[in-house]
Amino acid sequence: MGRPALRKQAVAYVMGHYCISQRRACTLIKLSRSTLYYQPVRDPRPELRLRMKELAQTRIRYGYRRLHVLLKREGWQLGRKQCYRIYREEELQLRSKLPKRRKMVIQRRQRFAATRPGEVWSMDFVADQFGNGGKFRILTVVDVFSRQALAVDAGLRLRGEHVVETLNRLVRWHGAPKVVFADNGSEFTGRLMDMWAYHHGVRLDFSRPGKPTDNSFVDTFNGSHQG
C-alpha cells in the first residue's frame, strides 16, 4: 500500500474515532490537506521497463545494481533509486523462482547471425576426469561462422579470471568479436567478464534458463570431440 492510501486511512480513522471534520483531523495529525489529495504523476517509461526485462531474462544472476550499470552504458537516463523502484515493480527480483512452465514461454529477441568469421564466438566448459579419478575442466571457444576451435584450454580449476585470460589471448590473435554466446555459469556472468565485454565493445548473449540449445554451436563441438 502506498503512502497516499496510508495518509487517507489515518485521516479517516481520526475522523471516525473523534467524530470531527476532515479539516480538524488533518490539523490534529499535522497533515496538510493539499498533501492528502496529492496524486504523484510518474512517467511509466515502457521502453525502459521492456529493456530492463530483456536484460534480466538473459542475465538471471544480475541484481538491480548491475542492471543499472548496463542501462547507463546503453545511454538510459535513470538513477539507482529509480532503477530499484522499477526493478521491484516489475518483480524482477523473483524471476529465478518462476516455475519452469513460465520460463519456457519467455520470448527473446532475435540472436545475432554471423555473416563472416570473427563476428560471433561461442564458449562453454566441458568436464572430464583422469584415470585416478581426479577431475579437470576444459574451456572451449568456437567461431560460430567457421566452426573453428579458437581455444581448448584445460585446467583443474578454471574460473572467471581464466576465461578472461583466454579471451584476451584470442583478441590479440584474431581481434575482438561482436558477440559472444555463453550459458549462465558464474564464470561467464561475473564482473570480470562484464568488464572485459564493456572494454572490448562485445555483447554477451546468455542462454535462456532451461534452453541449452541456445548455445548449441560449442555444445556440438564438445559432443563430437569427447570420448
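Considering all C-alpha pairs of region 120-224, those separated by over 25 Å amount to 15%. Note on region 142-190: with charges restricted to the Cβ of Lys and Arg (+1) and Asp and Glu (-1), its dipole about the Cα centre is near 120 debye.
The gain in end-to-end length when the Asn168 to Gln93 segment is fully stretched comes to 23.7 nm, 0.36 nm per residue minus the alpha carbon separation. As a calculated quantity, the FRET efficiency between Lys135 and Ser186 at R0 = 22 Å, using C-beta atoms, amounts to about 0.80.
Quick one: if the Förster radius is 41 Å, what FRET efficiency do Ser21 and Gln77 give, using the C-beta to C-beta distance and rounding to 0.05? Once rounded, the FRET efficiency stands at 0.35.
Could you pull out which residues in region 172-201 have an amide N less than 12 Å from a spot 7 Å beyond the Cα of Arg147, following the Cα-Cβ vector? Counting only backbone N, you get no residues. Remark: region 23-31, residue by residue, has Karplus-estimated 3J(HN,Hα) of 4, 5, 5, 5, 5, 5, 9, 6, 10 Hz, where x stands for each Gly or Pro and the curve is 6.51 cos²θ - 1.76 cosθ + 1.60 at θ = phi - 60°.
None of the figures in this text is laboratory data; all of them are computed from the coordinates on show. Quick caveat: nothing in here was measured; it's all calculated off a predicted structure. Virtual Cβ from ideal backbone geometry, glycine too; neighbours counted across all protein chains shown.
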